[in-house]
Amino acid sequence: MKKLFLALACVLLVAGMTGCGKKNLDVSRSTVYVDKNGKVTSVDIADFNESYYSEDELNSYIEELVSDYTSSYGETVKVTEVSVDEETSVAKVVMTYDDASDYVQLNGLVLYEGTVGDAKDAGYSFEADYYDVSGTEAVEESYSPADEDLVVVSKGGSDVMVDGTIKYVSVLDGASLVLSDSKDTVGYDGEDISEKTMIVIYKR
């Protein structure tokens, strides 16, 4: 939802977390979590340290955004937290979506969850270099995902969290891989990450 925060910044210039499934979503980086039923939770984190920023305006903006969406598409998106940490000046927005299509529709970003075979049918390509993250260190190797493999395809810069264990992650040139110890969350640090597509192959 980085697009949301970019829009939010423009608006402001002119003018406790709930659980989901078994995962702990108390994260410090923007993260998109797809659970085993295909439901999506986004945790978006951004600096909120300008004097003209207002938490009330942030709440109003998010409420209006979701209200406009639900009036057109139904009650498929919910806001579970909008907060600003006064000590760190960091804003957090937590939202839930019935499925990945709602996330895509609202945010204008890429998010696909399903099998590799279905993703190919939907037009996604898996020609990429991959890291094997099953061992103690990520190792780049030649790999071709099988049609039955589970996959999340994401573009927008957020980390990806899955209901399972990550096996392979596509290599993003010029970026540093960030993988959780539990191997259920992965992301990248580097320039222009939001413009690059990340492929995450995992198992349950």
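Cβ-Cβ contacts under 8 Å between residues 6 or more apart (or on different chains), taken from a first residue in the stretch 68-80 that is farther than 11 Å from residue 106 by Cα to a second residue that is part of a helix (DSSP H, G or I) and β-branched (Val, Ile, Thr), are listed as 78/66; 79/62; 79/66. The residue of the stretch 58-84 that is surrounded by the most Cβ atoms within 10 Å (Cβ to Cβ), among those that are more than 16 Å from residue 99 (Cα to Cα) and among the charged types (D, E, K, R), is 81.
Please go through the stretch 149-204 and pick out each residue that is among the polar types (S, T, N, Q) and assigned to a loop (DSSP other than H, G, I, E, B). Steps first, answer last, please.
Going residue by residue through the stretch 149-204, those that are among the polar types (S, T, N, Q) are 154, 158, 165, 170, 176, 180, 182, 185, 194, 197.
158, 180, 182 - these are the residues of the stretch 149-204 that are among the polar types (S, T, N, Q) and assigned to a loop (DSSP other than H, G, I, E, B).
Listed by first and then second residue, the pairs linking a residue in the stretch 175-200 that is basic (Lys, Arg) to a residue that is in a loop (DSSP other than H, G, I, E, B) and surrounded by 19 or more Cβ atoms within 10 Å (Cβ to Cβ), with Cβ atoms under 6 Å apart and 6 or more places separating them unless they lie on different chains, are 196/172.
Each residue in the stretch 184-204 was checked for being out of contact with any Gly (no Cβ under 8 Å at 6 or more places or on another chain), hydroxyl-bearing (Ser, Thr, Tyr) and crowded, with 18+ Cβ neighbours inside 10 Å, and 2 pass. Note on the stretch 21-139: enclosed helices (runs of 4 or more DSSP H) holding 2 or more residues that are on the phi < 0 side of the Ramachandran plot, over 14 Å from the mean Cα position of the chain (by Cα) and not hydrophobic (A, V, I, L, M, F, W, C) are 55-73, 116-121. Based on this model, can you work out whether residue 181 counts as within 17 Å of residue 27 (Cβ to Cβ), out of contact with any Asp or Glu (no Cβ under 9 Å at 6 or more places or on another chain), in the same structural domain as residue 118 (by TED's automatic domain parsing) and surrounded by 11 or more Cβ atoms within 10 Å (Cβ to Cβ)? No: the conditions fail for residue 181.
The values are calculated or read from the model by the stated rules, or taken from the named source; none is laboratory data. As the structure is a computational prediction, the values presented were derived from the model and not from experiment. Note: ideal-geometry Cβ built from the backbone for every residue, glycine included; neighbour counts use all protein chains shown.
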